[in-house]
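The values are calculated or read from the model by the stated rules, or taken from the named source; none is laboratory data. Small disclaimer: the values here were computed from a predicted structure and weren't measured. Cβ placement follows ideal geometry from the backbone for every residue including glycine, while neighbour counts extend to all protein chains displayed. Accessible surface areas use protein heavy atoms only, side chains included; no ligands, DNA or RNA. Shrake-Rupley method; radii C 1.70, N 1.55, O 1.52, S 1.80 Å.
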Amino acid sequence: MQKNKAESGSQPAVRVIKKYPNRRLYDTDTSSYITLAEVKTLVMDNEPFVVRDAKTNDDLTRSILLQIILEEETAGVPIFTEQVLANIIRFYGHAMQDFMGAYLEKNVQIFMDLQHKMAEQSSGVTPEAWKQFMNVQSPMMQGMMGTYLEQSRSAFTQMQEQMQKNSEQMLAALGLKR
């Protein structure tokens, strides 16, 4: 029986992982120490969790997630090229940082939704059929990628509109009109 389930039974409570000064991670749900690989499994299983510093109670979740990404990037085939990483770094401290973060988040979510739809539609498909389906030339794949690109374009347009609105508000606040 899990002790972190919400009383309603519909949503699990957020699992708390404590990080100790010796860099060990303690899962309060299972009352045991866990590894970074096990935290990755929680992520892969969509298990809600938070990592807290055992002494200060500071939220360390982002740093643990970044550590997992770093390990994945250095072991095997990386997702990010050096150019992508350099471009992301250039946005830190830039006026566009918030917009870039929101844009990336929206695009990754759109891509995850596309991946989920593809997985649903491919249950029971043979490896040969899957290979044909994944061929960029197939009409079905072109349709799905077209949908993804359209959603991505829409997210970018929304970002541009928000930037325009913010610029106009800033200029109005300064008494300048366009």
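Tabulated results
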| read-out | value |
| --- | --- |
| Tally of residues being surrounded by 12 or more Cβ atoms within 10 Å (Cβ to Cβ) and under 25 Å from Lys19 (Cβ atoms) across the stretch 89-121 | 1 |
| Test: residue in the stretch 122-130 that is surrounded by fewer than 12 Cβ atoms within 10 Å (Cβ to Cβ) and modelled with pLDDT of 90 or more | no |
| Strands (runs of 3 or more DSSP E) lying entirely in the stretch 1-100 (those with 2 or more residues that are modelled with pLDDT of 90 or more and under 25 Å from His116 (Cβ atoms)) | 49-53 |
| Tally, over the stretch 32-62, of residues that are open to solvent by 60 Å² or more (accessible area, probe 1.4 Å), closer than 15 Å to Lys18 by Cα and polar (S, T, N, Q) | 3 |
| Residue pairs meeting the criteria (Cβ under 6 Å; at least 6 apart or on separate chains; first more than 11 Å from Leu25 (Cβ to Cβ), in the stretch 51-65; second modelled with pLDDT of 95 or more and exposed (fewer than 14 other Cβ atoms within 10 Å of the Cβ)) | Thr61/Val50 |
